[in-house]
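Structure record follows, encoded as structure tokens.
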Amino acid sequence: MAGNEFSVKLLIWRQSGPAQPGELASYTMDNVLPEMSLLEMLDLLNEKLTAEGIDPVAFDSDCREGICGTCGLVINGIAHGPHSGAATCEVRMRSFSDGETIVIEPFRAASFPVIKDLVVDRAAFDRIMQAGGYVSINTGSAPEANSIPVPRPHAESAMDAAACIGCAACVAACPNASASLFTSAKISQYAQLPQGRAEAKRRVVRMVDAMDEEGFGNCSNHGECEAVCPKEISIFNIGRMRREYLKAVL
Amino acid sequence: MAGLTDITRSTVGKKLLNGLTGLLLCGFIVSHLTGNLLLLVGREAFNQYAYFLHSLGHGAVVPIMEVGLVMLFGAHAISGISVARSRRRARPDGYKKSANAGGTSRKSLASRSMIVTGTVLLIFVILHVAQFKLGWGQLRDYPDVMIDGHASVDLYSRVVDWFNWAPMVGLYVVVMLMLGNHLRHGFWSAFQTLGANNPRYENLINTAGMLFAAAMAVGFLLIPIYIFLFVEPTAGSSLAAG
């Protein structure tokens with residue numbers, strides 16, 4: 001070994017089921033390497049816990065390269081941890097120092113009930129998408145590229161909004177547990193393109209209604225969502241959602 | 001299909017209402033401060049201004065404006081309270097450890113305390129109207145003054161007497177600092193809420209918001225402090241004896 005192993009103290013939210021009470025449990029992990037990702041460190045912890053006959057910590061992850069939006073932990077009070085523009089799986093142990101206590105909690109919102117430990121049910125986002133996050137057209141072969149002119153800035157801005165991976169860190173970071181950044185990104189990715197304009201009014205009202213029905217909070221323009229977003233989705237999208245909403249109801 | 005009534009129903013609608021009424025109230029406090037700075041000019045100037053306002057449109061303009069202002073303050077307060085209340089429903093179980101994300105976040109003491117400063121300002125506005133318009137708890141009887149041959153209230157004396165009482169000056173100073181804090185987040189936030197913010201203008205709007213908040217707070221602070229330091233209470237006031 002390289003000799004740069006270190007130890008960390010972990011305070012991890014343990015909750016055996018949706019209806020059970022939870023609490024922070026304390027663990028110590030030795031032989032942590034700076035090159036490890038935080039999730040790899042949790043994998044090692046789970047091997048250790050399993051060997052000791054303790055139920056391993058449940059957490060979500062899939063691609064582990066910051067593109068799928070499956071992972072999501074609140075690390076030391078910040079959704080997706082200390083780095084901007086990065087998902088939980090991109091957090092390396094070099095971001096922590098020897099002997100440091102790392103507090104790991106699930107994304108908290110009434111609309112995201114805890115299933116177990118650090119795993120929450122984010123189906124509320126799917127229901128918001130079902131309410132209008134689509135374009136009602138028959139898809140066939142790709143149309144001729146120049147038949148629908150799209151200005152370059154619109155295409156870029158729509159693409160920036162479409163970069164949202166639906167990880168829900170915006171909700172986790174928002175002091176009001178608002179889903180405004182997610183919903184506005186989905187609205188913005190369609191509203192700026194000719195294919196999406198046709199249904200823009202119906203879409204924004206339906207998606208905002210769905211967002212409200214799920215019980216997310218209102219937006220106070222704190223901007224914490226943008227700061228934790230792994231895809232750096234801008235809160236200007238929330239402004240666009242409100243413009244679109246105003247256009248739809250006037 | 002959606003209609004205007006959705007404004008009062010959805011979270012986005014309530015937020016739009018909050019931002020619009022907030023900006024209109026910004027307009028009101030500018031005119032209120034501009035007029036009231038005449039208190040620093042003197043008795044004649046201020047009482048003439050008060051008479052001028054109350055005689056506008058044969059006395060109809062002020063009552064109409066007052067109804068409008070009550071509606072503005074009411075709509076702003078109700079929509080603001082609904083934003084704050086949505087927090088408790090949306091996150092009943094909080095984090096054991098919470099931290100600021102930093103980076104591009106606009107979260108600040110001002111943005112976190114909007115409901116506190118807003119509630120204080122609402123109570124203040126009610127008491128302020130009771131104090132100076134309705135004359136509650138006034139220090140003595142103020143006979144009307146004659147302006148252009150018409151009897152008009154001696155508002156100047158009422159204000160000067162109150163602001164010669166140190167606790168009242170202290171109260172106004174604290175509340176006006178809260179007003180500055182409210183505007184520090186509120187001005188920029190209103191533009192963001194109305195969808196009028198964009199990357200090209202954000203710094204400009206934010207800087208304008210800071211200057212506006214500072215100008216309003218300092219402007220309103222100036223009046224009670226100046227009167228306390230430099231203007232004697234009127235004869236007959238309970239404060240004049242001392």
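The values are calculated or read from the model by the stated rules, or taken from the named source; none is laboratory data. Keep in mind that this is a model prediction, so the values were computed, not measured. Cβ atoms come from the backbone with ideal geometry, glycine included; neighbour counts cover every protein chain shown.
All conditions but one from (1) under 25 Å from A:Q20 (Cβ atoms); (2) within 13 Å of the chain's Cα centre (by Cα); (3) not in a helix (DSSP H, G or I) apply to A:I104; the one that does not is (2).
Could you identify the single residue in B:A151, B:A196, B:A101 that is surrounded by fewer than 20 Cβ atoms within 10 Å (Cβ to Cβ), free of Cβ contacts under 8 Å to residues at least 24 places away in the same chain, more than 15 Å from the chain's Cα centre (by Cα) and within 14 Å of chain A (Cβ to nearest Cβ)? Before you say what the answer is, go through the steps one by one.
Values: B:A151 fails: within 14 Å of chain A (Cβ to nearest Cβ); B:A101 fails: surrounded by fewer than 20 Cβ atoms within 10 Å (Cβ to Cβ).
Matching residue, one of B:A151, B:A196, B:A101: B:A196.
Of the residues examined, A:K201 is one that is surrounded by fewer than 23 Cβ atoms within 10 Å (Cβ to Cβ), outside the structural domain of A:S111 (by TED's automatic domain parsing) and free of Cβ contacts under 8 Å to residues at least 60 places away in the same chain. Against the numbered list (1) within 24 Å of A:P230 (Cα to Cα); (2) buried (at least 19 other Cβ atoms within 10 Å of the Cβ); (3) not assigned by TED's automatic domain parsing to the domain that holds A:E65, A:D209 comes up short only at (1). Meeting the requirement of 3 or more residues that are in contact with a strand residue (DSSP E or B) (Cβ under 6 Å, 6 or more places away or on another chain), the helices (runs of 4 or more DSSP H) wholly within the range A:163-226 are A:169-173. Among the residues of the range A:226-234, is there at least one that is under 20 Å from B:T5 (Cα atoms) and in contact (Cβ under 8 Å) with a residue 40 or more places away in the chain? Scanning the range A:226-234 turns up no residue that is under 20 Å from B:T5 (Cα atoms) and in contact (Cβ under 8 Å) with a residue 40 or more places away in the chain.
For the range A:228-249, the set of residues classified as part of a helix (DSSP H, G or I), within 20 Å of A:S157 (Cβ to Cβ) and at the interface with chain B (Cβ under 9 Å from one of its Cβ atoms) consists of A:F236, A:I238, A:G239, A:R240, A:M241, A:R242, A:R243, A:E244, A:Y245, A:L246, A:A248, listed by residue number. The listed residues are A:T88, A:T50, A:T101, A:T70, and the only one of them that is at pLDDT 95 or above, β-branched (V, I, T) and either touching a His at 6+ places or on another chain (Cβ under 6 Å) or not assigned by TED's automatic domain parsing to the domain that holds A:S26 (or both) turns out to be A:T88. Within the range A:154-170, the set of residues being within 13 Å of A:P230 (Cα to Cα) and either assigned by TED's automatic domain parsing to the domain that holds A:A87 or among the charged types (D, E, K, R) (or both) comprises A:D160 only.
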